[in-house]
Amino acid sequence: MTLRKAIAGTNLEQAKSHNRRVVIEAIRTNGALSRAAIARLTALSTQTISNIVEELEREQLLSAQATLKGARGQPAVPYSINPDGGYSIGLQLDHQLAVGVITDLSGTVRARIERPVDRPTPAQAMPLLATIGGDLMRKFRFDRNRLLGIGMAMPGPFDVEGMTSVGPTALPGWQDFPVAEELQRLTGIPVTVENDATAAAIGERLYGVARNLSSFVYLFIGTGLGAGLFLDGHLYKGSRHNAGEIGHMIVKPGGLECGCGKRGCLERYVSLRAAYECLEIPDPDHASPELLQALLANGDSLEAWVAQAIDPLRQAINMLELALDPETVVLGGFMPVGVIELLASRLDPLYLSVSSTSTRTVPRVLVGAAGKDTSVLGAAALPIFSETNPQFDVLQKPHSA
Ligand SMILES: [Zn+2]
């Protein structure tokens with residue numbers, strides 16, 4: 001008899017660890033909160049909240065603020081994140097740039113490093129990323145026992161036979177390469193890897209326009225295009241971490257040839273690469289997004305590209321709205337914000353969908369607010385919110401030093 005896979009149960013330890021993260025996220029997103037306010041926001045029992053808050057305070061992850069005197073009832077103690085309670089390193093690798101940041105537990109960037117790369121192979125990128133990690137820790141010194149881990153963002157898709165690592169929008173030589181294991185071996189620090197669109201969705205949820213949303217799609221317009229899916233308060237990653245790889249969704253059958261082997265893929269119309277080609281920018285492999293911003297500033301309407309991009313983008317938004325019923329679709333990525341605003345301004349009228357309702361409070365499309373560091377900030381948050389990161393729980397054990 002073959003056994004069918006069941007929905008994973010949650011044991012007490014996992015539940016406790018999950019609830020700790022829920023409490024920390026509630027305070028990170030809202031600022032200082034009393035136990036009663038945390039209970040209202042998280043739907044956890046007051047006893048559970050009390051236990052968790054006490055524990056987090058003992059571990060110096062939370063600190064108590066001055067008591068607030070309410071009109072009636074017991075005075076409430078607000079708790080805020082202790083920024084120095086924990087640190088994490090965020091790394092982002094793309095075609096032309098490697099970026100690293102150290103953030104504290106409140107999400108504030110304490111050090112940042114940027115290094116140019118040129119479509120690096122793993123053999124080129126891995127030592128560089130490890131060096132960036134080391135340099136960050138020399139730039140900003142802290143108690144290493146409080147380092148929660150490394151979160152890394154890079155372009156997907158991961159491990160798709162016959163489709164990945166081909167064409168100009170994928171990084172060469174990364175198929176089947178064990179990124180997390182190798183970086184962990186080089187640095188001695190636990191590593192969580194996520195695609196850049198998913199990391200950017202986390203960044204936008206923690207710091208940007210999606211702070212109060214529980215279901216949204218983040219369209220990451222980079223060299224290629226991908227979507228990060230944040231649904232019902234959770235990231236949706238798919239069975240092989242490739243959910244949202246919609247850059248290779250066909251929007252024009254028989255259209256432009258794509259490096260994946262098909263024709264008419266979305267990212268052949270909506271991506272930096274597509275813009276460079278349409279606008280006949282020389283050497284598109286080494287063109288920079290700032291070039292598009294400069295053209296725009298000089299009065300170029302980018303029309304040769306925008307006219308081709310807008311319909312495929314409308315179609316993608318329509319499909320995402322109908323399939324996922326999100327509160328909004330956020331546009332962002334490495335595309336300069338001025339260019340994204342230009343695209344957004346041309347989207348009207350969007351196609352009819354389940355999102356075309358008069359009762360909505362959030363526009364159907366928003367331009368991301370967290371800027372070009374959205375995904376590296378999201379990457380830095382991975383070690384804090386990754387359900388599988390054991391390092392986070394190590395903090396609750398007394399340090400031997
Ligand atoms: Zn394709």
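The values are calculated or read from the model by the stated rules, or taken from the named source; none is laboratory data. Please read all numbers here as calculations on a predicted model, not as lab measurements. As a convention, Cβ positions derive from the backbone with ideal geometry for all residues, glycine included, and neighbour counts pool all protein chains shown. Please note that ligands, DNA and RNA were not included when accessible areas were found on the heavy atoms of the full protein model with its side chains. Shrake-Rupley method; radii C 1.70, N 1.55, O 1.52, S 1.80 Å.
Miscellaneous remarks
- Members of segment 219-242 found to be part of a loop (DSSP other than H, G, I, E, B) and surrounded by fewer than 23 Cβ atoms within 10 Å (Cβ to Cβ), listed by number: Asp232, Gly233, Lys237, Gly238, Ser239, Arg240, His241, Asn242
- Pick from segment 243-256, criterion over 21 Å from Phe216 (Cβ atoms) and more than 9 Å from the ligand (Cβ to nearest atom), ranking: surrounded by the most Cβ atoms within 10 Å (Cβ to Cβ): Val251
- Unique residue being among the hydrophobic types (A, V, I, L, M, F, W, C) and either within 16 Å of the ligand (Cβ to nearest atom) or more than 17 Å from the chain's Cα centre (by Cα) (or both) when the list is Leu231, Leu183, Leu235: Leu183
- Residues located in segment 105-119, provided they are in a loop (DSSP other than H, G, I, E, B) and touching a Leu at 6+ places or on another chain (Cβ under 8 Å): Leu105, Gly107, Val117, Arg119
- Residue within segment 97-104 that is touching a strand residue (DSSP E or B) at 6+ places or on another chain (Cβ under 8 Å), crowded, with 18+ Cβ neighbours inside 10 Å, in a helix (DSSP H, G or I) and not aromatic (Phe, Trp, Tyr) present: no
- Any hit, segment 318-334, residues being exposed (fewer than 13 other Cβ atoms within 10 Å of the Cβ), in a loop (DSSP other than H, G, I, E, B) and in contact (Cβ under 8 Å) with a residue 60 or more places away in the chain: yes
- In segment 44-76, the residue that is modelled with the lowest pLDDT out of those that are hydrophobic (A, V, I, L, M, F, W, C) and surrounded by 15 or more Cβ atoms within 10 Å (Cβ to Cβ) is Ala76.
- Here Lys262 meets each of (1) within 10 Å of the ligand (Cβ to nearest atom); (2) within 21 Å of Pro289 (Cα to Cα) with one exception, condition (2).
- Residue in segment 186-194 that is more than 15 Å from the ligand (Cβ to nearest atom), open to solvent by 50 Å² or more (accessible area, probe 1.4 Å) and not polar (S, T, N, Q) present: yes
- From the options Val337, Val354, residue that is open to solvent by 20 Å² or more (accessible area, probe 1.4 Å), closer than 27 Å to Gly238 by Cβ, of a type in the set (Val, Ile, Thr) and in the same structural domain as Leu279 (by TED's automatic domain parsing): Val354
- With respect to the stated conditions, Leu342 fails to be more than 16 Å from the ligand (Cβ to nearest atom) and touching a Gly at 6+ places or on another chain (Cβ under 9 Å).
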